[in-house]
Amino acid sequence: MPVTQQDVLTALKDCYDPEIPVNIVDLGLIYEVRIEPDPVQAERHNITVEMTMTSTGCPAHAEITQQVKDRLEQMPGITSASVNVVWTPPWGPERLTAAAREKLGIEV
């Protein structure tokens, strides 16, 4: 069965910035998910995620990107995953989901 973007986002809800008690999807850190067939094993896929951090000086940058890569490569049907950190557009609190705002006590 092919892997969908929703499958990837659901898996990434297991990943957290260690300083913030909200998953990286609800934080709005995921900008793009690309799913491509593996050229060698047609039934498998390679995933590329473009994401950002809450700040350019995020001390957990390497830990979070490795966590994302590891989580995606645990998914059935995934051969490899790569994570690209981008800074444009910059992250802002407007990217938080309603669930994240509630968890963090931020008024809408």
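The values are calculated or read from the model by the stated rules, or taken from the named source; none is laboratory data. Quick caveat, the model's predicted, so the values are computed rather than measured. Note that we place each Cβ from the backbone using ideal geometry, even for glycine, and neighbour counts take in every protein chain shown. Side chains included, ligands, DNA and RNA excluded: accessible areas come from the protein's heavy atoms. Shrake-Rupley method; radii C 1.70, N 1.55, O 1.52, S 1.80 Å.
Some points to look at:
- Any chance Val49 is part of a strand (DSSP E or B) and either basic (Lys, Arg) or surrounded by 16 or more Cβ atoms within 10 Å (Cβ to Cβ) (or both): yes
- Taken over the range 1-46, the criterion of being over 15 Å from Leu96 (Cβ atoms), open to solvent by 50 Å² or more (accessible area, probe 1.4 Å) and within 10 Å of the chain's Cα centre (by Cα) is satisfied by Thr10, Asp14, Glu32.
- Looking across the range 73-108, the residues that are more than 29 Å from Val40 (Cα to Cα), touching a residue at least 60 places away in the same chain (Cβ under 8 Å) and open to solvent by less than 70 Å² (accessible area, probe 1.4 Å) come down to Trp91, Leu96, Thr97, Ala99, Ala100, Leu104.
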